[in-house]
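See structure below.
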Amino acid sequence: MEAQIVCQGLWKTYQLDHGEVHALSDVSLQVESGEFVVIQGASGSGKSSLLNIVSCLDTPTKGTYSLEGVEVRGHSADELAEIRNRRIGFIFQNFNLLPRTSSLENIQLPLLYAGLPSQEQECRAIDALERVGLSGRDKHSPSQLSGGQQQRVAIARALVMNPSIILADEPTGNLDSKSGIEIVELLQRLNEEGITIILVTHERDIAACAKRQISMKDGKIQADTTIVGVSA
């Protein structure tokens with residue numbers, strides 16, 4: 001495996017009325033292609049700030065970040081958006097589905113923004129629904145689906161652009177324990193297909209599903225552990 005994500009000496013500093021606040025303090029991290037990594041920590045630990053930089057939604061105050069050999073710092077907002085849209089799929093705690101739109105149409109949105117032909121949009125969206133086990137639910141709106149099914153639609157939407165990386169920010173936070181485990185198992189299957197998965201969580205049972213577990217506190221990595229006996 002080769003290094004897909006390389007962070008060196010990342011700092012994220014905010015200037016507030018009472019002084020500087022360091023959301024990240026000298027964070028270095030390397031993720032190889034095809035890894036399944038969990039980042040855990042309490043609120044304010046820095047995990048969201050790190051995820052924002054890795055996802056090209058933000059840039060560090062100091063330090064360097066390379067994504068698949070591309071140095072991110074110094075790129076324009078439009079260039080970062082292009083990198084993000086082509087290489088990264090996102091999954092969120094609140095699903096972020098359009099409520100009055102069918103599953104298929106929700107999944108097609110990234111393809112629509114990318115300007116793909118409508119027939120290709122539909123074919124790729126149907127294929128993504130099949131990959132997440134929701135064949136036959138293409139015309140259902142979010143209100144007609146369970147929480148676990150809505151998250152599957154969100155995962156399908158993350159897959160349609162064929163990303164090499166999926167970033168999952170608390171993807172089980174709004175689900176019951178059974179649905180949460182099913183979502184993690186789906187992410188594990190996608191990881192077995194070669195997609196790099198980075199999952200942020202505060203749930204220990206969810207974190208235990210990953211072979212590599214990173215713990216953060218006060219803007220720093222406290223531990224970076226590889227667990228023997230875990231497949232993902």
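Where a number appears in this text, it was derived from the coordinates with a stated rule and is not lab data. Just so it is clear, the structure is predicted and the values come from calculations on it, not from any experiment. All Cβ positions, even for glycine, are placed from backbone atoms using ideal geometry, and neighbour counts span all protein chains on display.
Numbers for the structure displayed
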read-out	value
Neighbourhood charge, 12 Å Cβ-Cβ cut-off, centred on LEU186 and excluding it, Lys, Arg +1 and Asp, Glu -1	-1
Distance in nm between pseudo-label sites at GLU203 and HIS75 (7 Å out along the Cβ direction from Cα)	3.1 nm
Extension reserve of the ALA3-THR226 stretch, reckoned as 0.36 nm per residue once the Cα distance is removed	78.6 nm
Candidate lysines - alpha carbon under 27 Å from LYS217, same-chain residues fewer than 8 apart omitted	LYS12, LYS47, LYS62
Net length gained if the chain between ILE126 and ALA114 were fully extended (0.36 nm per residue, minus Cα distance)	2.6 nm
Value of [θ]222 nm, deg cm²/dmol, for the chain, DSSP H segments ≥ 4, -39500 (n - 2.57) each, nearest 500	-10000 deg cm²/dmol
Dipole-positive endmost among ILE39, LEU134, HIS18 within region 3-226 (Cβ charges, Cα centre)	LEU134
Cα-based Rg of the chain normalised by 2.2 N^0.38 Å, two decimals	1.02
Of LEU145, VAL6, ALA223, farthest towards positive along the dipole that unit charges on Lys, Arg, Asp, Glu beta carbons give the chain	LEU145
Within straight-line cross-link reach of LYS178, aspartates and glutamates at Cα separation under 12 Å, skipping those fewer than 8 residues along the same chain	ASP205
Gaussian network model of the chain, Cα within-10 Å springs - most flexible of VAL70, VAL31, VAL153	VAL70
